[in-house]
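To keep things clear, I will list the structure first and then write my remarks on it.
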Amino acid sequence: MRALRVVGLHEDGKSIVCEDTERGEKFLLPADERLRAAARGDITRLGQIEIELESQMRPREIQARIRAGETVEQLASSAGIPQQRVERFAYPVLLERARTAELAQDAHPVREDGPDVRTLGEVVAYAFGVRGQDYTTAAWDAWRGDGGKWIVCLHWQTGRSDNRAHWSFAPGAHGGTVTALDDHAADLHDPDVRRSPRTLRPVTEETDDTQAMLDPAWETEPEDATVIEAPLPTQAEAEAAPEAPTDDVPPTPRRKAKKSHPVVPAWEDVLLGVRSQRG
């Protein structure tokens, strides 16, 4: 049990602001007759107030609020009555809600072209299977909404996401029908099973890409590579090149081409800026 510290009176003048000293959370405490009696230590008056509150919350009202979707804990806290009293009258209504949730799973989802041939339970189980989720961890519930219609809810978790899907349930022949009330319910009717298709290419001659996959060391020439051209032979080297051999004349031995060395300018040519004419 956490200890709270009284901060002061709320601006409405009807509640007291309390603060959790450890977490810094603030709470509102109604400044009613029970609080005043507890502050005075008047146990007798506290007992009388509890009896008066119990008499004010009639069993029919308790069952109506439970049928509308409240839990036992929520009703006991909001009404300020013992939880045991709420449970005594809420039990048959909770059974009714659970039975309605079971019946709704046998109903048929309504689509644009009419009711689905499959039941809601089958559609949801298929959607969970497609998504790889555990359907056994989902929880069904039902309650009466505004206008007296039954609302069916499916609650499940995906990672840290808390999800709820709602349908409107209309009992009837062949299990009745259910209509999606939110996006989660509509998505469960038509789960997204699209997958990116693989691109298939016909078998053709070996291309550069195929060669690169077969031999990782093989690389094509990059687009920005520098092309180095071989120097063209001079006229003297072309004349000195041997002619192609014929059948009658034996080939003459090829002479090695004289290596050409770069011309080194003289020192005075560099100073005067004159191009050297030396061969």
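Of the strands (runs of 3 or more DSSP E) that lie entirely inside the range 94-175, those containing 2 or more residues that are under 17 Å from H189 (Cα atoms) and among the small types (G, A, S) span 161-170. Quick one: in the range 65-87, of everything that is assigned to a helix (DSSP H, G or I) and touching a residue at least 24 places away in the same chain (Cβ under 8 Å), which residue is nearest to R144 (Cα to Cα)? Step by step, filter the range 65-87, then rank; the result is R67. Taken as a whole, the condition of being at pLDDT below 80 and in a helix (DSSP H, G or I) applies to A39. The residues of the range 94-110 that are closer than 17 Å to A64 by Cα and either touching a Leu at 6+ places or on another chain (Cβ under 6 Å) or crowded, with 18+ Cβ neighbours inside 10 Å (or both), listed by number, are R97, T100.
When we screen D134, D146 for residues that are within 14 Å of W167 (Cα to Cα), of a type outside the set (F, W, Y), surrounded by fewer than 13 Cβ atoms within 10 Å (Cβ to Cβ) and modelled with pLDDT under 95, the only hit is D146.
The values are calculated or read from the model by the stated rules, or taken from the named source; none is laboratory data. Predicted model, so just to flag it, every value in this text is computed and none were measured. Cβ atoms come from the backbone with ideal geometry, glycine included; neighbour counts cover every protein chain shown.
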